[in-house]
Amino acid sequence: MTHALTGDAHVCGRHTPEDKKPGWWDEMIGPGKAVDTNKYFVICSNIIGGCSGSTGPQSIDPDTGKPYNTNFPVITVADMVRAQKRLVEHLGIKKLLAVLGGSMGGMQVLQWAVDYPDAMDCFIPIATASSFTPQNIAFDWVAREAIKADPNWKNGDYTPDMPPDHGLAAARMLAHITYLSEESLGRKFGRTLQDKAEFDFKFDFDFAVESYLQYQGQRFVERFDANSYLYITRATDYFDVTAKHGGDLNATFARVKSAALVVSFSSDWLFPTEQSRKIVDALLHNGKEVSFCEIKSGYGHDAFLLEVDTLGRMVRDFLHYRQEARNHE
């Protein structure tokens, strides 16, 4: 299991009864669920460069005794996957049944399939693409500029008691807009005013959607590190699974040996269906076994977390089919 941009290893369940929320894909993974933990052993690790346990900018540099901050080395999606592969080897697992994930997790899935073609029986990239578009890179640039413009950022050398929370919150608000769709925003908020009956020009919360975004930004800074956000978003910008093959997607996927289930969502404008179709076309060009579905949804990019019933049935049936095929080999 590979997590998305700001996810972590807590993919399902609760660590303690006092936890307010379960893991980020709890509706998908667990006993009797789509990824049934009565049948399958699930592995999800924190990506390197993050701030949830694996080495990242807030980790201590042994040469200085201080946090790496922006002295942390450049990381790529391929580096994240390489670390995951070493974890799997450390656990003594010779071959995985499946590697699956959505969004940046889907990028990692594609990297797994290309870099380690013998390591899995199947792979399931969800709501993702083989490379980042210029539009997505542009959104990331503005988000990083918001962080860097916060006076507390201090070229990355901020202290734990004075982090660049305003910049990080603004970056999260911008990103959160890209995860939604016009339909979902309209359905949830419309043009409803927030705690007022008339317009004014105090430039506080006028609309409910503004209050919602502010809340999302505030919640985010409670759990994430600004420098990690800079590094991880840059890693997604650099992502191009075809990089070692001159930009040729057909040549890249010639290396693939496992079956694929590719899933997109109709209202996802961050990773639109046409990008998934390119992946499918390249796999078919190479004669690979591939199934594809665009799920009709109004949730936008977040549909991969919210359309659990439809997506769950597909994933459950695909894993069952691949497990049965594996048992008969």
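Taken over region 294-329, the criterion of being crowded, with 16+ Cβ neighbours inside 10 Å and aromatic (Phe, Trp, Tyr) is satisfied by 299, 304, 318.
When 276, 267 are screened for being of a type in the set (Ser, Thr, Tyr) and either at pLDDT below 95 or assigned to a helix (DSSP H, G or I) (or both), only 276 passes.
Taking each residue of region 173-185 that is under 15 Å from residue 207 (Cβ atoms) and of a type in the set (Asp, Glu) and looking for partners that are part of a loop (DSSP other than H, G, I, E, B) and open to solvent by 30 Å² or more (accessible area, probe 1.4 Å) with beta-carbon atoms closer than 9 Å, six or more apart or interchain, yields 182/269. For residue 167, the conditions (1) free of Cβ contacts under 8 Å to residues at least 60 places away in the same chain; (2) within 17 Å of residue 57 (Cβ to Cβ); (3) part of a helix (DSSP H, G or I); (4) open to solvent by 40 Å² or more (accessible area, probe 1.4 Å) are fulfilled apart from (4).
Of everything in region 170-185, what is open to solvent by 30 Å² or more (accessible area, probe 1.4 Å) and of a type in the set (Gly, Ala, Ser)? Give them in sequence order. Across region 170-185, the qualifying residue is only 170.
Here 193, 213 are screened, and the one residue that is open to solvent by 30 Å² or more (accessible area, probe 1.4 Å) and either under 21 Å from the mean Cα position of the chain (by Cα) or among the aliphatic types (A, V, I, L, M) (or both) is 193. Each residue in region 216-253 was checked for being open to solvent by 30 Å² or more (accessible area, probe 1.4 Å) and under 14 Å from residue 165 (Cβ atoms), and 6 of them qualify.
When the criteria are applied in full, residue 305 meets the requirement of being touching a Gly at 6+ places or on another chain (Cβ under 8 Å) and aliphatic (A, V, I, L, M). Evaluate the following for residue 325: is it assigned to a helix (DSSP H, G or I), farther than 14 Å from residue 126 by Cβ and modelled with pLDDT of 95 or more? Taking the combined requirement at face value, the residue does not satisfy it. For region 294-322, the set of residues classified as closer than 17 Å to residue 258 by Cα, out of contact with any Lys or Arg (no Cβ under 9 Å at 6 or more places or on another chain) and at pLDDT 95 or above consists of 315, 317, 318, listed by residue number.
Can you tell me which residue is surrounded by the fewest Cβ atoms within 10 Å (Cβ to Cβ) among those in region 17-43 that are among the small types (Gly, Ala, Ser) and assigned to a loop (DSSP other than H, G, I, E, B)? Checking each candidate, the answer is 32.
If you go through region 274-293 one residue at a time, how many are more than 12 Å from residue 261 (Cα to Cα) and open to solvent by less than 90 Å² (accessible area, probe 1.4 Å)? The qualifying residues number 4. Counted as qualifying within region 178-262 are the helices (runs of 4 or more DSSP H) with 3 or more residues that are at pLDDT 95 or above, within 30 Å of residue 99 (Cβ to Cβ) and of a type in the set (Val, Ile, Thr), namely 226-238.
The values are calculated or read from the model by the stated rules, or taken from the named source; none is laboratory data. If you're wondering where the values come from, they're calculated on a predicted model, not measured in any experiment. Positions of Cβ are backbone-derived with ideal geometry, glycine not excepted, and every protein chain shown enters the neighbour counts. Quick note on the areas: whole protein, heavy atoms, side chains included, nothing else; ligands and nucleic acids left out. Shrake-Rupley method; radii C 1.70, N 1.55, O 1.52, S 1.80 Å.
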